Amino acid sequence: MEKTILKTKDLTMIFGGLTAVSKLNLDIKENQIYGLIGPNGAGKTTAFNMITGVYMPTEGEVVFDGVDISKYKPNKITNLGVARTFQNIRLFSTMTVIENVMVARHLRMGANLPEAILRLPSYKKKHQESYDEAMELLKKVDLEKEAGELATSLPYGKQRRLEIARALATTPKLLLLDEPAAGMNPQESIELMNFIAKIRDQFSLTILMIEHHMQVVMGICEKITVLDYGQSIAIGNPEEIQNNQRVIEAYLGVE
């Protein structure tokens, strides 16, 4: 029997009387690539923000790996094994590629402040381990040659890959990708699809993604939930979603 890694129960977010997400129920299995799609303003990013602790849900629960994380802060949720990327790439612009990954590795490094300030041998050892692990991760995502370059000097597609690599550096079980194909040309989108499938297998990940690029969604997601005006209007595999009349109406409008 497949293990559920993320479950939301009647997840609801109300902002000043406006319901952004209403009774969202997700059931995501381990190692699944799951899509959350819908028109602009459907509530997708709000759902991500509740799952990652940015917003505390007005109602409902978020259960990750058997633990109710609905009231947890983002750092605690990250420590449990949930990582995310953002629609707008958020790299540290003054840092190199490897430094961006090492920042995320520090979460797992375990060094304390006195060790770091005094540069004790124990800190130097942990720092070297962090560097080695970051370099190993860059090799796995084909960015080791760019390790010493400024993060923002990379082409757009590689910046997106670096942002995903930085999320991977926190050793997540669940990776949330917020519109990873945004701004990409068709060739970059195909490369991204292959990359996401590769890291899922390589890192034994479960992936939940928001995406507007339908070729990417239908090409990679095994199951999809469609939101419209904060409500789930369809759940199914890509073929079922593509042929669902309510989904077609939500995207194209009804005459």
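The values are calculated or read from the model by the stated rules, or taken from the named source; none is laboratory data. Nothing here was measured: the structure is a model prediction, and the numbers come from that model. Quick reminder, even Gly has a Cβ in these numbers, built from the backbone with ideal geometry, and neighbours come from all protein chains shown.
Quick notes on this structure:
- Some residue of the range 47-58 being touching a strand residue (DSSP E or B) at 6+ places or on another chain (Cβ under 9 Å), surrounded by 23 or more Cβ atoms within 10 Å (Cβ to Cβ) and in a loop (DSSP other than H, G, I, E, B): yes
- Test result for residue 9, basic (Lys, Arg) and either surrounded by fewer than 17 Cβ atoms within 10 Å (Cβ to Cβ) or not assigned by TED's automatic domain parsing to the domain that holds residue 193 (or both): no
- Residue tally, condition in a loop (DSSP other than H, G, I, E, B), at negative phi and among the small types (Gly, Ala, Ser), over the range 66-91: 1
- Residue list for the range 175-205, filter: within 14 Å of residue 162 (Cβ to Cβ) and within 12 Å of the chain's Cα centre (by Cα): 177, 180
- Flag if residue 236 is under 23 Å from residue 184 (Cβ atoms) and more than 16 Å from the chain's Cα centre (by Cα): no
- Matching entry among 100, 75 (being modelled with pLDDT under 95 and assigned by TED's automatic domain parsing to the domain that holds residue 30): 75
- Taking the criterion of being modelled with pLDDT under 95 and under 10 Å from residue 5 (Cα atoms), no residue of the range 15-30 qualifies.
- Among the residues of the range 36-58, at least one is farther than 27 Å from residue 221 by Cβ, assigned by TED's automatic domain parsing to the domain that holds residue 196 and not hydrophobic (A, V, I, L, M, F, W, C).
- One residue stands out in the range 12-45 among those that are among the charged types (D, E, K, R) and closer than 22 Å to residue 246 by Cα: the one that is surrounded by the fewest Cβ atoms within 10 Å (Cβ to Cβ), namely 23.
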